[in-house]
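Chemist: Attaching a single structure in structure tokens format; questions to follow.
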Amino acid sequence: MSINCPRCHFENPDDTIYCGKCATQLKSSEEISGSPTETIETPKEELTTGSTFAGRYQIVEELGKGGMGKVYRAVDKKLDEEVALKLIEPEIAFDRKTVERFSKELKFARKIVHKNVGRMYELMEDEGRYFITMEYVSGQDLKGLIRQTGQLTVGKSISIAKQVCEGLAEAHKLGVVHRDLKPHNIMIDKEGNARIMDFGIARSLDAEGATDAKVMIGTPKYMSPEQVEGEAADQRSDLYSLGIILYEMVAGRTPFEGDSALSIALKHKTEIPPDPGEFNAQIPEELSTVILKCMEKEKEKRYQSTGEVFSALDKIKKEISTEERIQTKRKTKTVPRGRRLHPFWIGGIIFAAVIVVLAYVFFTQILPTGEMEWKDSIAVLPFEDGSETKDQGPLCEQMTIDIIEKLSQIEGLSVKPYKTVESDKDRDISNKEIGKELGVTRILESYLKMEDNRIKVYSHIIDAKKDSIIKSFEYDKDFDDIFEVQDNLTKEIAKTLGLSIVGEIFKEYKKIEPKDTEAYSYYVSGRNFEKKYAISKEENDFASAKRMYEEALNVDPNYAKAYWGLGNIYEIKYNINPEDQDMEDIQSAIDNFWKAYQINPNLAESHIALGWAFFYKADNDNAFDFFKSALEIEPNNSEINRNAGAFFLSIGLYPQAIKFFSKAVELDPLNYWAHHMRAYCSMYAGDYDKAAGYFQSALNIDPNNLELLSFYAFFFIFTKNIEEAEKVFEKAEKIDEQDNWRIKHARGLLLAIKGEKEEALQLIQDRPFLYFATSIYSLLGMKDEAVKNIQVGIEEGFKYLNTYLYSYPFLENNPCYDNLRDDSRFQDIIKEEKMKYQEKQFKYGKL
């Protein structure tokens, strides 16, 4: 008689103690609960995409298969949210003790709520099929990341390990041990955060009898010696597994290899692991020591808590980030920086992925250099929080922004925008690489500490080409002198680089600052809550931002930027739901922007803000005047140029939009959205050759952006290159996880060209009056529907989308409308839109 392994289902001889495939300790046949003659019912059908399981879970896709069973991504239709669903194999669920154990353990696992832990929900049963529901985390598991990159950098590995420590600390505090910690169970989400998954076999340290004695639980490559013996596991067992994971991240391999799972498991008991430095010479000796201490055979010799491991790793990180940067002779690696949100101004999500490195080659070889001549260039990397409590993130961000704005007053110095340098804060790359990517010769690295109302700032100007420190600065002042610190640092940088500050402009800029630093503190908090509100759309974040800005104004009633901040949050509120906008919100925004403008007419941000506020009220004359004045104040500000381009795009003046998007690209080559919009405008203006290059430059930065891919496919359809359009669709549909409407509409366009009418029409039901839908109607010969769509878009598009649809260049250059050229109604529309276009050109085209 054979024994099936309860974990991997491998068939073993009856006298086997450990599974020959996965090394799980096997029970004897007498220990298996239930009648030996009872038949296990197995599912007759697999769960398929689109099917509904247990009456409420709609299956989206299969995510993988583990020892317990298959895992699916599903939508819980009852709660209208995505979950991960683990369907337990019948052979495992057949064991009543196992089901009872899972049920008990989940009661403890559900208590773990932490940003670095994926939530466990509950064990459920449907028609004899047991399954576990848990939080769905979109991203890549750590194992896949290691396979993809070979070895992770030391900085990245430490960052991930510290996050795992934080998640484990919360679990251990609640008395829960994971017992199967491995890279497969650590997800790296889209923001780069580590999330520990699958506490499903974890159990309470205090839960006696939760498992039978001497049953080995875990995965052999990551298993502690006590787990190999089938002994009780505690938090130190998790730390052993963490040591192996850290070993694998930096060495690119696990410490023990073998021909079978059993042989690997036994090595954890008997063999000393090789030093990870043997496989990667870049690993600091201190880090190897931490890893090997985690992997001590005896639990008493290991670290005794996650806090100890975290402190050891943090010390190594600080040594890398402080000692090496203070010395002129330093390593060529930078330390990952804390993740922060960028301001709400950004029009689309910036995908700060590793392919930026590849983009540099394209930019330096293809993009025009433009008319500006800079004497020098610098990137101000985000200030790092050096305080012990690590609670100065908002202040660090605002300091970075303020220094960037002040450095912009240095004549002949090109300063990279905050949103560009922000994308480099988490990536463990050398200063040479940062310099190449951003196209700068200088880098400013800074650290900030707040202690007893004193601000301490340490800064280094670095030669990006040589990766060496040119000069260091240190300031230790009362917080009330924070603006003096900013001014002195700016002046010292100018002096070091042999450049001069634009005197009068700098004096005007000084008027922006509040008279009291207490007002500045409230403003910093307001900006922090404002950015949270832009993401969360939660009323409490709106209220917190509003309260902070109002407190700033209570301290200093003439603080222009606080009024600007108030205007921002009302503008965000107005734009949250385009179909239900309250004009009182936009009026409140205008009122506050206007107050900021009256207090300080040289605050460029208020000019841009008023430009958009008047635009939302369909007052293009005033909007134009404010965009124009913003450009006069800061002509070399990439964000202002990008916003000006967006304004001209929104009113249908594509040539002017291209001009300002091009300037934005010149100032900030890694701004994906400016590249994208320049391609978009060129396509609708009929300049297909330039559009092709602009699309490619945008794709070099963000190759997986679905909005961009939909318009890229549209571009190929425009130019009758159906084969290339199909390739774009194939790529887009592989990464389209949420049934993106733009991809559907663009696909519908291709179906319409092929004459597949019903299929094409089915894809545009959700948004029937937009561009793609009109093009589909036209291609299918449905002239009445197409003309009506254009009329509705012209009359009501602005109301719903805050943009003017169907401008003259778009109507004139769109080849999909060729079927409408002989329709008198379309001809009348063309004439009318041409007159509007010419009027706009006359009024606004000279900027």
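The values are calculated or read from the model by the stated rules, or taken from the named source; none is laboratory data. Predicted, not measured: the structure shown is a model, and the values here were computed from it. All Cβ positions, glycine included, derive from the backbone under ideal geometry; neighbour counts span all protein chains shown. The accessibility values were calculated without ligands, DNA or RNA, using every heavy atom of the protein model including side chains. Shrake-Rupley method; radii C 1.70, N 1.55, O 1.52, S 1.80 Å.
Chemist: Determine, at each q value in 0.11, 0.17, 0.21 (inverse angstroms), the log₁₀ of I(q)/I(0) that the Debye formula gives when each Cα of segment 212-308 is one equal point scatterer.
Modeler: Calculated log10 I(q)/I(0) at the listed q: -0.29, -0.69, -1.03.
Chemist: Kindly flag which residue pairs out of Lys436/Lys659; Lys436/Lys465; Lys315/Lys419; Lys86/Lys537 have an alpha-carbon separation exceeding 20 Å in this structure.
Modeler: Too far apart for the 20 Å limit: Lys436/Lys659; Lys315/Lys419; Lys86/Lys537.
Chemist: While we're looking at this one, here's another question. In whole Å, what three semi-axes, largest first, describe the equivalent ellipsoid of segment 438-593 built from its Cα gyration tensor (square root of 5 times each eigenvalue)? Each step should come with its number before you reach the end.
Modeler: Numbers: eigenvalues 242, 71, 52 Å².
Each semi-axis is √(5λ); the values are 35, 19, 16 Å.
Chemist: Right, here's the next one. Among the lysines, select those whose C-alpha is under 23 Å from the C-alpha of Lys297, and discard any that sit fewer than 8 residues away in the same chain.
Modeler: Result set, ordered by chain and number: Lys162, Lys182, Lys214, Lys221, Lys267, Lys269.
Chemist: Enter the Cα centre distance for the pair segment 455-500 and segment 593-631, rounded to the nearest angstrom.
Modeler: Taking the Cα centre of segment 593-631 as reference, the centre of segment 455-500 is 33 Å away.
Chemist: Quick check on packing: order 433-444, 707-718 by the mean number of other C-beta atoms within 10 Å, highest mean leading.
Modeler: So the order, starting with the most tightly packed, is 707-718, 433-444.
Chemist: For segment 591-678, state the average projected area of the convex hull of the C-alpha atoms over all orientations, rounded to one decimal in nm².
Modeler: Spelled out: convex hull of the Cα atoms, projected over all directions, averaged, 5.3 nm².
Chemist: Roughly how many whole Å is it from the C-alpha centroid of segment 75-137 to that of segment 669-722?
Modeler: Result: 44 Å between the Cα centres.
Chemist: Right, next: Compute the distance from the alpha-carbon center of segment 818-847 to that of segment 564-584, in whole Å.
Modeler: Between the Cα centre of segment 818-847 and that of segment 564-584, the gap is 31 Å.
Chemist: Using each residue's phi in segment 457-466, evaluate 6.51 cos²θ - 1.76 cosθ + 1.60 at θ = phi - 60° and report the 3J(HN,Hα) Karplus result to the nearest Hz, with x for Gly and Pro.
Modeler: My calculation for segment 457-466 gives 10, 10, 10, 9, 8, 10, 6, 5, 5, 8 Hz in order.
Chemist: Expressed in nm to one decimal, what extension gain is obtained for the pair Asp822 and Arg110 from 0.36 nm per residue of sequence separation less their Cα-Cα distance?
Modeler: Once the chain is fully extended between Asp822 and Arg110, it gains 249.7 nm.
Chemist: Within straight cross-link reach of Lys491, meaning Cα distance under 14 Å, which aspartates and glutamates are found once same-chain residues fewer than 8 apart are removed?
Modeler: Leaving aside aspartates and glutamates fewer than 8 places away in the same chain, those within reach of Lys491 are Asp402, Glu405, Glu411, Glu474.
Chemist: Now, a different point. How would Lys788, Lys78, Lys757, Lys406 rank on accessible area, largest to smallest, probe 1.4 Å?
Modeler: Highest to lowest solvent-accessible surface, that is Lys78, Lys788, Lys757, Lys406.
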